[in-house]
């Protein structure tokens, strides 16, 4: 087993704490330990390609490659009402493009090691390392994700 933590019934919790036009930020926790920060689109009434997903409980399935083949070594967030193709993958920006911000997502979750600024916009940074941290904790296996907060 790789990593510093391994739970038999793997459940991670995303605590969202900020949401505005530059995106939604949250802390991903496992067993009470901080894993990484997460960047998502702002809440826009669960509109596909424009909104973060609703608060709730989801199952995340490991994928060596996404269905489109664009992303590798990711997690598919399943059970999202009226949505498909929601992934946890590398990226930095998650702003509202309709309000002039940049975004690397169409409703997905971006892990980051820290929050900073990129191209004048709030971003999650060191995304590849943060995704590796998730892999080391869950062992590239499926896990349950609970999303709470704003």
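The values are calculated or read from the model by the stated rules, or taken from the named source; none is laboratory data. A quick note: this is a predicted structure, and the numbers were derived from the prediction, not measured. Positions of Cβ are backbone-derived with ideal geometry, glycine not excepted, and every protein chain shown enters the neighbour counts.
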In segment 50-59, what count of residues is obtained for those that are more than 13 Å from the chain's Cα centre (by Cα) and surrounded by 14 or more Cβ atoms within 10 Å (Cβ to Cβ)?
-> 1
Filter segment 60-76 down to residues that are in a loop (DSSP other than H, G, I, E, B) and either on the phi < 0 side of the Ramachandran plot or modelled with pLDDT of 95 or more (or both), then give me how many there are.
-> 5
Within segment 1-14, track down each residue that is modelled with pLDDT of 95 or more and either outside any strand (DSSP E or B) or crowded, with 16+ Cβ neighbours inside 10 Å (or both).
-> 12, 13, 14
So residue 34 clears everything in (1) without any contact (Cβ under 8 Å) to a residue 12 or more places away in the chain; (2) not in a strand (DSSP E or B) except one condition, right? Which one?
-> (2)
Please enumerate the residues belonging to segment 29-46 that are modelled with pLDDT under 95 and either closer than 12 Å to residue 106 by Cα or loosely packed, with under 13 Cβ neighbours inside 10 Å (or both).
-> 32, 33
Per the list (1) touching a helix residue (DSSP H, G or I) at 6+ places or on another chain (Cβ under 8 Å); (2) surrounded by 20 or more Cβ atoms within 10 Å (Cβ to Cβ); (3) closer than 21 Å to residue 144 by Cα, residue check on residue 62 breaks on (2)
Going by the structure shown, is residue 78 closer than 25 Å to residue 32 by Cα, over 12 Å from the mean Cα position of the chain (by Cα) and without any contact (Cβ under 8 Å) to a residue 40 or more places away in the chain?
-> yes
Taking the stated definitions as given, is residue 79 surrounded by 15 or more Cβ atoms within 10 Å (Cβ to Cβ) and modelled with pLDDT of 95 or more?
-> no
Quick one: residue 84 ticks every box in (1) at pLDDT below 95; (2) surrounded by 14 or more Cβ atoms within 10 Å (Cβ to Cβ) except a single one, so which number is it?
-> (2)
